[in-house]
Amino acid sequence: GLVVTGRVVARQGAAPIAGATVQVKPVNQQLTIGPTPGREQGIEVLTAADGSFRIANAATGLVNVAAFGTGFARQEKLTQQIRADAENVFDFELDPGLAIAGVVTDAQGKPVASARYQVIAIAPKTPINVDGRTDREGRFEVHGLVEGPYQVIVNAEGFTKGEAKPVMAGE
């Protein structure tokens, strides 16, 4: 694969953000039969103490690159070209951000592990759509959200779909 590098800093003050998450996901991944287990969000790495990151196995083609961290809003660079004949550098300056967290339970209050959740921004000026799976205790937490209302949708095998809206970032 190809190398993708960059740096993640805070927009205010340009301080490096250590431990921020950087994701590189092929634009057409949703068209494949299914991503490699554990790679549903694409290739994911954490930044070093100086805010730098390096991904050594990116595929050529069009990708979406995202960065976010605890206390910082998600920033996405959509439809970026990864090329073998060029440096693939993506730097991010993140604004302050919020999180939405919750626990998925069944009718008896028992946690539902591996439930699929999706958090979608309701406001059109914040086009954020994040998905994932709950942990063994049914918990989930989505970081990197900007202030505003979101819709939370949850699906799990053997259960009816759950939905909550509006859920304000920070709840």
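The values are calculated or read from the model by the stated rules, or taken from the named source; none is laboratory data. Everything numeric here is computed off the predicted structure, so don't read it as measured data. Don't worry about glycine lacking a Cβ; one is built from the backbone with ideal geometry, like all the others, and counts go over all protein chains shown. What goes into the accessible areas is simple: the full protein's heavy atoms, side chains included, and nothing from ligands, DNA or RNA. Shrake-Rupley method; radii C 1.70, N 1.55, O 1.52, S 1.80 Å.
Ranking 111, 132, 146 by Cα position along the charge dipole of segment 91-157, where only Lys, Arg, Asp and Glu carry charges on their C-beta atoms, puts 111 farthest toward the positive end.
Dipole magnitude for the chain: about 200 debye, using +1 per Lys or Arg Cβ and -1 per Asp or Glu Cβ, origin at the Cα centre.
P(r) for segment 54-150, from all Cα pairs and a bin width of 5 Å, is 3, 11, 18, 18, 16, 15, 11, 5, 2, 1, 0, 0 %, short bins first. Using R0 = 22 Å, the C-beta based FRET efficiency linking residue 50 and residue 93 works out to 0.90. Across the options 166, 51, 9, the greatest Cα extent toward the positive end of the charge dipole of the chain (unit charges at beta carbon of Lys, Arg, Asp, Glu) belongs to 166.
Calculated FRET efficiency, residue 85 to residue 14, Cβ-Cβ distance, R0 = 41 Å: about 0.85 to the nearest 0.05.
Across the options 121, 64, 21, the greatest Cα extent toward the positive end of the charge dipole of segment 1-145 (unit charges at beta carbon of Lys, Arg, Asp, Glu) belongs to 121. Looking at segment 44-114, the accessible area is 55 square angstrom per residue; that uses a 1.4 Å probe and ignores ligands, DNA and RNA.
With the Kirkwood sum run over all distinct C-alpha pairs, the chain has a hydrodynamic radius of 17.0 Å.
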